[in-house]
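All remarks here apply to the structure that follows.
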Amino acid sequence: MSAPSQPFLSDIKTLRERARQHIEAGAVTPGYAGDLKTVIKLLNEAFATEIVCTLRYRRHYYMASGPNYESVAEEFLEHAKEEQEHADKIAERIVQLNGEPNFNPEGLTSRSHAEYVEGTTLVDMIKEDLVAERIAIDSYREMIHFIGDKDTTTKRLLEWILSVEEEHADDLVGLLAGRS
Ligand SMILES: [Fe+2]
Ligand SMILES: [Fe+2]
């Protein structure tokens, strides 16, 4: 008796049959190994976090003042745009998973991991942004660990976002140290 040549993969017939079931589910096939409900809930929390971060950075961009505030304000604006991009990518992924991105402003700050702190001085603002980035870094790391290899598309998205949040944190530390 010869062993099957690809013991870990489904045979073509099974793949074809499965793909025809529940086609309305789109990208979510019967082979989806993740806990879909939990993944969508986590993605919505990340989505809220990104929106709150966008709002906080924008506020900081407009309120930045003091000596040499311009370069710091520019950094705030750049981060605000990148957080918005993260929010958009997460919303897109939620829809692919047949969920709904939660845009409801009510409860936004409690769904978010990071906080919305206005801060008064420029240094306060940078520090609050750094704290928020560090919260985001830890929560993305945990989400990536939770999702593991059960949903590699979501995992890749979160890994990309995590790498950008790490850059943001590094930028902010640089600003505090007067590196920029
Ligand atoms: Fe982000
Ligand atoms: Fe960030």
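Every read-out reported here was derived from the displayed coordinates using simple, explicitly stated rules and does not represent laboratory data. Here the structure is a predicted model, which means the values were calculated and not measured. So basically every Cβ, Gly included, is an ideal-geometry build from the backbone, and we count neighbours across all protein chains shown.
Points worth noting:
- Note on the stretch 52-82: residues that are more than 23 Å from L158 (Cβ to Cβ) and within 19 Å of the chain's Cα centre (by Cα) amount to 3.
- Scanning the stretch 111-141 for residues that are away from ligand 2 (no atom under 16 Å from the Cβ) and under 15 Å from the mean Cα position of the chain (by Cα) yields one hit, R111.
- Counting only helices (runs of 4 or more DSSP H) wholly contained in the stretch 1-101, the ones carrying 1 or more residues that are closer than 30 Å to V131 by Cβ occupy 36-63, 69-96.
- Residue pairs meeting the criteria (Cβ under 7 Å; at least 6 apart or on separate chains; first under 19 Å from D149 (Cβ atoms), in the stretch 15-38; second among the small types (G, A, S) and assigned to a helix (DSSP H, G or I)): T29/A19
- Taking each residue of the stretch 159-173 that is part of a helix (DSSP H, G or I) and looking for partners that are within 13 Å of ligand 1 (Cβ to nearest atom) and of a type in the set (F, W, Y) with beta-carbon atoms closer than 7 Å, six or more apart or interchain, yields I161/Y140; L162/Y140; E165/Y140.
- Selected residue (criterion: surrounded by the fewest Cβ atoms within 10 Å (Cβ to Cβ)) from residues of the stretch 145-158 that are touching a residue at least 24 places away in the same chain (Cβ under 8 Å) and in a helix (DSSP H, G or I): T153
- Checking each residue in the stretch 69-109 for being farther than 29 Å from I23 by Cα and aliphatic (A, V, I, L, M) picks out V72, A73, L77, A80, L108.
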